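The values are calculated or read from the model by the stated rules, or taken from the named source; none is laboratory data. This structure is a prediction, so every number in the text was calculated from the model and none was measured. Reconstructed Cβ throughout: ideal geometry from the backbone, glycine too, with neighbour counts over all protein chains shown. Areas reflect the complete protein model, heavy atoms only, side chains present, ligands, DNA and RNA absent. Shrake-Rupley method; radii C 1.70, N 1.55, O 1.52, S 1.80 Å.
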Amino acid sequence: MVTTHNLGFPRIGRGRELKRALEAFWAGKIDEPALREAALRLRAGRRQQQRQAGIDLVPVGDFALYDHVLATTLLVGAVPPRFAGIGGSEIELEFALARGTGEQPAMEMTKWFDTNYHYIVPEFSAATEFRVASTRLFDEIDEARACGTRSKAVLPGPLSYLYLGKETAPGFDRLDLLPQLLPVYREIVARIGAMGVEWIQIDEPILALDLPPRWTGAFATAYNELAPHAPPLLLTTYFGAVDKQAVLLKELPVAGLHLDLVRAPQQLDAFLPDYPDDKVLSLGVVDGRNVWRSDLRRTLAQLRPAYERLGERLWLAPGCSLLHVPIDLALETELDPELKQWLAFAVQKLEEIDVLRRGLSEGELVIRSELAASDRAVEARHTSSRTHDEAVRRRLARLNAADERRASPFIDRKKRQQERLRLPLLPTTTIGSFPQTPEIRAARARFRAGALSAEDYRTSMHDEIRAVVERQEAIGLDVLVHGEAERNDMVEYFGEQLAGFMFTRDGWVQSYGSRCVKPPIIFGDVSRPAPMTVAWTSYAQSLTERPMKGMLTGPVTILQWSFVRDDQPRAETALQIALAIRDEVCDLERAGIGIIQIDEPAFREGLPFTSDQRHDYLEWAIRAFRVASSGVGDATQIHTHMCYSEFNDILRAIAQLDADVITIETSRSRMELLKGFAGFDYPNDIGPGVYDIHSPRVPDEAEMLRLLETALRVIPAQRLWVNPDCGLKTRGWPETQAALRHMVDAARVLRERLQSPAGAERLSCAVESGEYTDPV
């Protein structure tokens with residue numbers, strides 16, 4: 001019989017129970033035992049769902065209260081020294097690392113490969129020491145065993161753990177820590193084996209990257225040391241091809257390999273013909289990153305040669321963890337039936353794996369009804385008229401070079417924009433959203449339920465916008481925003497108003513910690529039937545003399561943070577979205593809005609892992625942004641925002657976006673992300689974030705001033721903006737107002753220093769060139 005297993009399952013619960021428990025704990029409404037009990041119930045439910053779906057080996061260790069990489073940091077005792085003595089319990093320490101404290105900023109957070117999941121970045125130095133410091137993984141193994149669950153332990157691999165971290169001191173290489181880390185891993189795997197666990201799934205996703213030779217060479221060292229002390233190891237790769245490492249992987253002393261055939265089906269050819277007779281080969285054949293139903297007949301045909309070659313040594317699984325998809329399609333009782341038949345969520349994907357197992361092991365006659373249903377769904381989606389819009393395709397075909405280029409170069413545009421906007425040196429602004437209060441959410445929920453009329457809803461949102469504008473003026477911000485009270489999510493809000501999208505009621509996916517998103521599903525050609533933001537932004541501008549930013553989400557981010565159709569190239573879908581956003585940008589300009597921000601936090605996230613694929617991606621991603629942003633005149637200022645991504649390696653591509661102002665996340669890294677700007681003369685304006693909005697911590701004026709002074713070493717004052725790291729939707733008003741006042745005060749102090757006689761001399765060249773004109 002073919003063995004089925006799962007690499008990981010969503011943690012949040014069918015009703016987002018994890019989110020509610022975490023936020024109740026942070027608010028002091030429940031204590032730690034209650035939080036542990038909520039987590040216990042969630043884990044039990046997850047195991048039951050996977051067993052009922054027909055999975056033989058259920059993962060244990062894939063659950064985390066905040067993040068699985070952070071859980072590994074706690075397991076191996078790699079807590080940064082700056083958190084020494086903080087936290088009375090492991091859970092308190094965990095949240096201090098993730099969210100910061102009154103004294104210490106949170107650990108850095110960045111994207112998990114090319115997903116919208118964020119992980120907490122480990123911090124390493126020459127002084128880092130490792131030890132087995134947590135029993136949580138072992139406790140969860142005992143918990144599963146007590147329930148009679150046949151399980152395998154899940155453990156991030158030592159090399160991926162080190163690689164995904166960061167050095168905190170110059171001149172140090174984190175790979176040098178491997179000799180100290182391996183004995184701790186050896187102790188962990190030996191202890192797991194002693195508990196009677198059959199297999200350990202040890203995840204090494206970095207094998208899909210372009211690794212330096214020294215890192216690649218370390219795999220033999222690591223696994224030669226671990227394997228003799230461990231139960232059978234299933235070395236697990238995903239998110240890309242590892243065929244370039246086929247020789248290495250087949251020779252490693254592990255009991256099996258997992259390959260992601262969804263992302264890289266061609267790689268099987270490098271493994272199957274001479275695959276070792278003593279190893280299991282696990283094939284990921286169901287998409288763990290998207291929501292489309294599998295073509296079971298085609299997948300069976302793909303699997304048959306492997307089954308004939310391997311027999312019972314063939315295992316079946318999703319391509320990657322199902323963390324990245326919603327839990328259960330059965331919850332979606334209101335979806336259009338035609339569209340619903342095209343979908344599969346986590347539970348359904350596991351059921352597909354069980355069907356494939358039975359089809360291979362027992363023959364296609366046993367699964368003939370499931371194959372027929374799959375065939376009908378595939379054919380219905382392929383032939384549906386709802387997926388194609390000829391008007392959209394004709395418009396896309398008419399695009400030319402002029403549609404993706406601003407009329408004048410940045411230096412000329414900046415003069416026109418300064419004449420119009422009259423902004424001071426070091427202008428202050430925010431990234432867009434303000435706190436989504438219970439009152440805002442309640443009004444939106446009542447409106448959606450039909451309990452609040454459109455007129456009353458508009459009045460309620462106008463009241464919120466007026467209050468936000470008044471607060472910003474009182475704080476002293478230079479460029480205001482309307483606060484986005486009417487928006488449920490920065491992608492979902494736009495998707496709801498664009499043709500070609502569908503939406504779920506309970507299709508939640510974890511982004512980080514308690515933050516969950518409900519990604520739209522792009523099933524057809526995309527267009528904009530009507531303006532989406534113009535009325536709200538125009539109303540906000542009518543309340544103030546200060547510039548009001550129009551706030552939009554960019555085409556690449558809408559693409560990346562949606563579940564995207566897989567029946568046409570992603571580049572084509574991105575350009576369709578870009579044309580829709582272009583229409584909105586031009587309408588905002590016609591309404592008198594002088595600053596328009598097109599957020600692209602996912603721009604770096606979409607970058608392929610290997611260098612041979614990056615050129616094509618960057619070419620169409622840059623084109624999509626420029627199509628969206630280039631329909632306006634020189635006096636209209638285009639901003640973009642990027643956060644929680646390591647993008648120093650694509651600065652030239654970011655410069656090619658030609659946004660007048662880019663704002664970026666930098667506070668968690670204490671401006672480290674600006675190192676790339678020191679070696680690359682970024683030509684346009686930059687706003688590095690001066691405080692972390694994902695933490696309740698409120699930094700004082702002096703801390704923000706130090707960060708701005710650091711930024712000035714790299715960015716000329718006449719091109720430096722002052723802003724938070726990201727939007728403020730998840731924060732409360734008291735901390736938001738306090739932090740923004742400190743930010744405005746820090747900018748004022750620095751502005752006064754620069755405009756003193758000594759500081760003025762440093763700006764004289766910029767003033768004489770006309771690049772900066774003091775409005776006073």
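Going 7 Å from the Cα of Met1 along its beta-carbon direction, which residues of the range 27-71 have the amide nitrogen within less than 13 Å of the resulting point?
Of the residues in the range 27-71, 54-57 have backbone N under 13 Å from the label point off Met1.
At q = 0.09 Å⁻¹, what is the log10 ratio I(q)/I(0) for the range 216-370, with the Debye formula run over Cα points and no solvent?
Per q value, in the given order, log10 I(q)/I(0) is -0.33.
For the chain, what does the helix formula give at 222 nm: sum of -39500 (n - 2.57) over DSSP H segments with n ≥ 4, over the residue count, nearest 500 deg cm²/dmol?
Helix contribution divided over all residues of the chain: -13000 deg cm²/dmol.
Determine the relative contact order of the chain: mean sequence separation of Cα pairs under 8 Å and six or more apart, normalised by residue count, in whole percent.
About 13 percent, as a whole number.
Could you tell me which of Gln341, Leu314, Leu257 has its Cα farthest along the dipole of the chain towards the positive end, charges placed at Cβ (Lys, Arg +1; Asp, Glu -1), taken about the Cα centre?
Sorting the options by dipole projection puts first Gln341.
Could you please state how large a percent of the accessible area of the range 586-635 is carbon and sulfur, counting protein chains only and using a 1.4 Å probe?
Carbon plus sulfur share of accessible area: 43 percent.
What spacing in nm lies between the two simple spin-label points modelled at Arg448 and Glu308, each 7 Å away from Cα in the Cβ direction?
Output for this residue pair reads 5.1 nm.
For Asp176 and Ala373, compute 0.36 nm times the residue count separating them, minus their Cα-Cα distance, and round to one decimal in nm.
Additional length available on full extension: 65.6 nm.
Just grab the label-to-label distance for Arg20 and Glu496, each label 7 Å out from Cα along the Cβ direction, in nm (one decimal).
2.1
Give me the one-decimal Kirkwood hydrodynamic radius in Å for the range 414-536, with the sum taken over alpha-carbon pairs.
It is 16.9 Å.
At 7 Å along the Cα-to-beta-carbon direction for both Arg214 and Arg298, put a label point, then send me their distance in nm to one decimal.
Each label point is offset 7 Å from its Cα along the Cβ direction, giving 4.3 nm.
Would you list the P(r) distribution for the range 185-272, with all Cα-Cα distances sorted into 5 Å bins from 0 and each bin expressed as a whole %?
All Cα pairs considered, the percentages come to 3, 14, 25, 24, 17, 11, 5, 1.
In the range 298-439, carbon and sulfur make up what percent of the accessible area (probe 1.4 Å)?
50
Which whole-number percent is the relative contact order of the range 559-715 (Cα, under 8 Å, 6+ apart)?
So the answer I get is 20 percent.
Could you pull out the pairs from Lys340/Lys549; Lys19/Lys549; Lys111/Lys415; Lys111/Lys675; Lys111/Lys250; Lys166/Lys279 whose alpha carbons sit more than 26 Å apart here?
Violating the 26 Å limit, Cα to Cα: Lys340/Lys549; Lys19/Lys549; Lys111/Lys415; Lys111/Lys250; Lys166/Lys279.
Between 0 and 90 degrees, rounded to the nearest ten: what's the tilt of helix 733-754 against the longest Cα principal axis of the chain?
Tilt of helix 733-754: around 50 degrees.
Could you tell me the convex hull volume per residue, in Å³, taken over the Cα atoms of the range 523-682?
It is 131 Å³ per residue.
Taking Cα pairs under 8 Å and at least six residues apart, what relative contact order does the range 429-562 come out at, in percent?
Averaging sequence separation for qualifying contacts and normalising by length gives 26 percent for the range 429-562.
In degrees, nearest 10, range 0 to 90: what is the angle between the Cα axis of helix 213-226 and the longest Cα principal axis of the chain?
40
Estimate the FRET efficiency between Asp336 and Val366 by the formula 1/(1 + (r/R0)^6), using the beta-carbon distance for r and 51 Å for R0, to the nearest 0.05.
Once rounded, the FRET efficiency stands at 0.95.
Using a 1.4 Å probe, what is the accessible area per residue for the chain, in Å²?
On a per-residue basis, 36 Å².
In degrees from 0 to 90, rounded to the nearest 10, what is the angle of the helix 136-146 Cα long axis to the longest principal axis of the chain?
40
What is the extension gain from Ala194 to Ala591, computed as 0.36 nm multiplied by their sequence separation minus the C-alpha to C-alpha distance, in nm to one decimal?
136.0 nm
Across every pair of different alpha-carbon atoms, what Kirkwood hydrodynamic radius in Å does the range 325-409 reach?
Here the Kirkwood hydrodynamic radius works out to 16.6 Å.
Whole percent per 10 Å bin, from 0 to the bin with the longest distance: what is P(r) over all C-alpha pairs of the range 95-190?
13, 35, 37, 13, 2
Tell me, what % of the accessible area of the range 442-481 is carbon and sulfur with a 1.4 angstrom probe?
Roughly 49 percent, rounded to a whole number.
Among 510-519, 171-180, what's the highest-first ranking by average C-beta atoms within 10 angstrom per residue?
The packing order, highest mean first, is 510-519, 171-180.
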